[in-house]
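The values are calculated or read from the model by the stated rules, or taken from the named source; none is laboratory data. Remember, it's a predicted structure, so these values are computed and weren't measured experimentally. Every residue, glycine among them, receives a Cβ derived from its backbone with ideal geometry; neighbour counts consider all protein chains shown.
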Amino acid sequence: MSDTVLSIRELSVEIPTHTGIVKPVDGVSYDICAGEILGIVGESGAGKSMAGNAVIGLLSPPAHIAAGEIWLNGSRIDALEGEDMRRLRGKQIGMVFQDPLTSLNPLLSIGDQLTETMLTHLDISRGEADRRAIAALEEVGIPGAAERIDSYPHEFSGGMRQRVVIALALCAEPSLIIADEPTTALDVSVQAQIIALLKRLCRDRGTAVMLITHDMGVIAEAADRVGVMYAGRLVELGAVRDVLTAPQHPYTHGLMASTPLASQGKARLHQIEGAMPRLNKVPEGCPFHPRCAYARDKCRVAPGPKIADGRTACWFPLVAEKAS
Ligand SMILES: Nc1ncnc2c1ncn2[C@@H]1O[C@H](COP(=O)(O)OP(=O)(O)OP(=O)(O)O)[C@@H](O)[C@H]1O
Ligand SMILES: [Mg+2]
């Protein structure tokens, strides 16, 4: 498709450890189109951040891309290094992390951070950059933007800081935003505002978004499509409405059943028995089979089917229950 911004193909990330090689990302493929928000969900340790960090060249050694391809706007980027990757990161990919302070320089006013980023990546004058910096802060809802442009990050609340980070991530007009748990550190009352802001700005600009979260509520609110990760694998990928109302992978089903959102009206939440395996103990076959109530012999020996051929990496997808 011509408007595909990011394309990840059979991506594997490996980490050599003294007990052997572990694969926090194992054969993962997904695309994100312009203006689309792809949610990546899964429990802690599933490999969500590792996949995002691989795209922006921020894997910390010894973690490294061991196989697969990453394409951004038709160019292959998985082998880029050093200055090439830094330039790409600033210009074509914007980032929003859980803690806004990791993205902000404490020693620079927010105005200077915005104008410097724009002057580095856009062909505009300083005067134009100054004007755009104020407009950017207004757009993300900073009250009194023109007066606050010379303030420093510590002078803002957590929610306001994350608004500044969103302005900073978008100011070089990137085609992709990677947002890794952008609201996890914020007050619940502020979370929905930040998600709504991210959604609106990216939709207006046609920016593709990888939205990493463990929160199904955030997915339901913001994402167009969702990918579910389990033990380094992508186990289900589809339109949010379809996946949330009729999950096909038993793990997704369990994840939904343990989320208050999906259980509204039900007497209590169900927990999936057991825990996600440690990466050095991922079982043969489908990684979920030891916890799966529906596992059959095939699931114990053969990894699930490739998701590219369908919606789920399950040999025996759940069929939607008939409404009765
Ligand atoms: N140096 C390392 N050696 C071995 N395993 C590692 C190392 N660094 C990370 N891991 C493992 O990589 C896996 C993937 O981590 P990742 O941060 O991508 O998970 P995540 O899905 O983003 O989780 P969270 O929701 O907690 O952020 C984890 O299981 C983690 O234990
Ligand atoms: Mg993470």
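Here are a few things to note about the model shown:
- Helices (runs of 4 or more DSSP H) contained entirely in the stretch 122-214, each with at least 1 residues that are of a type in the set (Lys, Arg) and not assigned by TED's automatic domain parsing to the domain that holds residue 106: 188-205
- Checking each residue of the stretch 294-307 against the condition of being crowded, with 22+ Cβ neighbours inside 10 Å and out of contact with any Cys (no Cβ under 6 Å at 6 or more places or on another chain) gives at least one match.
- Scanning the stretch 220-241 for residues that are of a type outside the set (A, V, I, L, M, F, W, C) and not in a strand (DSSP E or B) returns 221, 224, 232, 241.
- Checking residue 30 against (1) under 22 Å from residue 220 (Cα atoms); (2) of a type in the set (Ser, Thr, Tyr); (3) out of contact with any Leu (no Cβ under 7 Å at 6 or more places or on another chain), the condition it does not meet: (3)
- Residues that are away from ligand 1 (no atom under 15 Å from the Cβ), touching a Lys or Arg at 6+ places or on another chain (Cβ under 6 Å) and under 27 Å from residue 91 (Cα atoms) do occur in the stretch 210-228, at least one of them.
- Members of the stretch 45-60 that are of a type outside the set (A, V, I, L, M, F, W, C), over 20 Å from residue 195 (Cβ atoms) and within 9 Å of ligand 1 (Cβ to nearest atom): 45, 47, 53, 60
- Going through (1) in contact with a Gly (Cβ under 9 Å, 6 or more places away or on another chain); (2) under 28 Å from residue 24 (Cα atoms); (3) buried (at least 18 other Cβ atoms within 10 Å of the Cβ) one by one, residue 194 falls short only on (2).
- The sole residue among 46, 63, 54, 79 that is closer than 30 Å to residue 274 by Cα, in the same structural domain as residue 231 (by TED's automatic domain parsing), of a type outside the set (Val, Ile, Thr) and more than 18 Å from the chain's Cα centre (by Cα) is 63.
- Test set (1) within 22 Å of residue 287 (Cβ to Cβ); (2) surrounded by fewer than 24 Cβ atoms within 10 Å (Cβ to Cβ) - residue 237 fails condition number: (2)
- In the stretch 37-52, the residues that are surrounded by fewer than 24 Cβ atoms within 10 Å (Cβ to Cβ), more than 9 Å from ligand 2 (Cβ to nearest atom) and not aliphatic (A, V, I, L, M): 43
- Any hit, the stretch 112-132, residues being more than 18 Å from residue 205 (Cβ to Cβ) and within 19 Å of the chain's Cα centre (by Cα): no
- Filtered residue count, the stretch 13-30, keeping only those that are surrounded by fewer than 18 Cβ atoms within 10 Å (Cβ to Cβ) and farther than 13 Å from residue 62 by Cα: 2
- Candidate set from the stretch 24-40 (those that are touching a Lys or Arg at 6+ places or on another chain (Cβ under 9 Å) and near ligand 1 (Cβ under 9 Å from one of its atoms)); member that is farthest from residue 183 (Cα to Cα): 25
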